[in-house]
1. Need the failing condition index for Glu168 against (1) more than 24 Å from Glu147 (Cα to Cα); (2) at pLDDT 75 or above, just the number.
2. Which condition does Glu461 not pass, out of (1) modelled with pLDDT of 85 or more; (2) outside any strand (DSSP E or B); (3) not polar (S, T, N, Q), if it passes all the others?
3. Give all pairs with beta carbons closer than 9 Å in which a residue from segment 510-537 that is in a strand (DSSP E or B) meets a residue that is among the hydroxyl-bearing types (Ser, Thr, Tyr) and modelled with pLDDT of 85 or more; count only pairs at least 6 apart in sequence or on separate chains.
4. Considering only segment 409-419, state which residues are out of contact with any helix residue (DSSP H, G or I) (no Cβ under 6 Å at 6 or more places or on another chain) and in a strand (DSSP E or B).
5. If I ask for residues that are at pLDDT 85 or above and surrounded by fewer than 17 Cβ atoms within 10 Å (Cβ to Cβ), which ones from segment 657-678 would you list?
6. Quick one: count up the residues across segment 276-315 that are at pLDDT 85 or above and outside any helix (DSSP H, G or I).
7. Return the residues of segment 73-92 that are surrounded by 11 or more Cβ atoms within 10 Å (Cβ to Cβ), among the polar types (S, T, N, Q) and either touching a helix residue (DSSP H, G or I) at 6+ places or on another chain (Cβ under 6 Å) or assigned to a helix (DSSP H, G or I) (or both); say none if nothing qualifies.
Amino acid sequence: MENLREELLAVFDAEYRDHLRTIRAIVAQGCPDGQGLAEIFRRIHSLKGAARAVELPVVEGVAHALENRLSTLLASHAPAQAADCQAITDTLDEIDLLMAAGIVAADAPETPATPAENPAYVQVPVARLDALATAVHDLLSVADRQERLWAQVMDLLADSRAVMHAPERMRADPVAEFARMTRRLMAVGRERELMAGQIDRALLRLGEEVHAVTLVPAGSVFGSLAAMARSIAREHGGSDGGVDVHMHGMDVHTERRVMQALRDPVLHLVRNAIVHGYETRAQRLKAGKPEHLNITIAVTLTGVRLQVAVSDDGRGPDLRAIAARAAGQGLVHADAPLDARQLLARVFEPGFSTRGQADTLAGRGVGLSVVAEAARALHGTVRMEQRQPAGTTVTLTVPVSQRQRTVLLVENAGQAIGLPGRVIRHLLRVRRDEIRLLNNMPFAVVPHPPDGVRPASAQKEHAEEELVPLVPLRAFVGEEDAPLPVCDGAVSVAVMEVGGVRCGFAVERMLDVRTLLVSDATAVGLDNELVPGIAWPREDQPVFIISPDRLFARWRLRGAGGGVRFSDGEGPAPVAAQRHAPLVMVVDDSITTRTLQKTILQSHGYDVCLAVDGEEALGLLQQSSRHVDVVVTDVEMPRMDGLALLATMRADPHLAGIPVVLMTSRDDGEDVRRGMEGGARAYLTKQKFDQGELIDTIKGLL
């Protein structure tokens, strides 16, 4: 009986959300009368009965009270007044809060039951079920025709056997008989080709309809957040705390698991908007704002990306407080000029909070880091922006589907591997003599600018070739010391990009590009960090879905090794890479200084790459596919200054040998001493800047 109740509760959860979503939509159009009021009454009555069926007397009582009020109102034939609309809204909020607070558990029988995970339910429109039934019928019809076609094949087989074993019994001329059988066989072949196309279309349609059945509207997950927002506002602001919540795009459909995974992060954002954007009624009216804080939750679907934006018209982010907190945590330099974009990115760091004291709502520094972690878990991003003239917008962007993924199917040691299509940049066939050697390591040539040391968003000026590291995929998925796989004298390469860094992974064979239904990889013996998903395009052929982030992390950790080996055992034939001009990295938070130094260096024949601070420079140095010969860095910069960059480089055996030139706007003897003791090879001041001195210094270091 307890299992039955659990199933009923799961059904009730979907039903009550549907009722509340519809009622809120009616009230949002204004105080209802006539048909609208009757529809609200009908749904509240149904909700009361459903609550009774699943033994939720508290919810039943709340619904009953509103039902009585609506019954009286309908009997009077008078339109609903503002007080009636407020009563409807308050009742819906109370039901939402009761369900969110676990009233189900409180009303449950005291007899303990074996814990079990409640089954998930979704409501499916009748039209969708009809379409699904039609798709199944079409597939069954083709299957029936396939049976009849098979019967014809068996008849032909019987005739051919008869001819083979008893040719004297042939009733017609042998040539004519064979011609007749050939025509029948050709007709069967044409029918089979036609049927194969029909099966493919029927399966495609069936797959689309089945996938559509699993989709839920955003309102079914986010609808209750309005009630929670009003409750949080009352708790935070007391009698002065009011909030108006606006919902847009609640009819956008996507996978339930995606929506559910976003619900808590969005609730964190709503709570953050109330706590940090709160203003008293007097403050808002003085600023020319509406009496209550306005929060908007907007859901949009763009191609294969889902966006959920939470906006408010509150005070907006306090950049000074954020900068002070970030400086206190060492995330930015205390004297650095404020950069809103960089500062707002820091609020998603773990432990970050501008609240001086923690309470039940905020100040513990976990809310926004949870939002960022949730976005990363869904292979998405999060960003915060200032609204004009006031307020904040935080946008979560994630893939629409976490189950259906487009992948490049490749073969690795006889096993099918899926490489996510979103990170594939090029597919190449590289001949043995086209492979370049740099520091005794293989590189593939890609028709892109030679700026792999820059982030993907950096401006590209010259359309030249780019060298990307070339490594066998098998070295990270199977055999660590694997050679480069060669087939017909060439290597098949999938160039992937993660975090602005590219690498070419050599595969044994490229099979296909497919959209697959991916499940969690729970098979015993799989490395679930590297292989988080598995798909079954055929019953006997699993496809292991690779995590590109983990693949790149292992590549950076392990490196490509030295030398070149090919799977066919032949000696390497790659030619040495063309000599590049020395590469100088300029690190400065001033775009003017970066541009000036870049122009000077390029005019003297140097290649130049740029970084805005020490943290970006360090990331580029660690991930670059090309060796940096000299680093010219400012001392005072946000996030990581030049001295910290110098110390970090000297502690890294891979970077310790790169000469560093320090430049600063201050002629400070203490800075000079610290820099030179830290391993700087030269120290120049910007006040006495002389381009000849810079060029001579770099020449002397190379």
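The values are calculated or read from the model by the stated rules, or taken from the named source; none is laboratory data. The structure presented is a predicted model; accordingly, all values stated were derived computationally and were not measured. Cβ placement follows ideal geometry from the backbone for every residue including glycine, while neighbour counts extend to all protein chains displayed.
1. Going through (1) more than 24 Å from Glu147 (Cα to Cα); (2) at pLDDT 75 or above one by one, Glu168 breaks only (2).
2. (1)
3. Listed by first residue and then by second, the contacts come to Met510/Ser492; Gly533/Ser547.
4. Leu409, Val410, Glu411, Gln415, Ala416, Ile417, Gly418, Leu419
5. Narrowing segment 657-678 to residues at pLDDT 85 or above: 657-662.
Correct list: Gly657 only.
6. So the count comes out to 25.
7. Of segment 73-92, the ones surrounded by 11 or more Cβ atoms within 10 Å (Cβ to Cβ) are 73-74, 78-81, 84-92.
With the extra rule that they be among the polar types (S, T, N, Q), the set shrinks to 81, 86, 89, 91.
Across segment 73-92, the qualifying residues are Gln86, Thr89, Thr91.
A quick yes/no check of all residues on (1) under 24 Å from the mean Cα position of the chain (by Cα); (2) modelled with pLDDT under 85:
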{"site": "Pro485", "(1), (2)": "no, no"}
{"site": "Val498", "(1), (2)": "yes, yes"}
{"site": "Met510", "(1), (2)": "no, no"}
{"site": "Ser547", "(1), (2)": "yes, no"}
{"site": "Arg556", "(1), (2)": "yes, yes"}
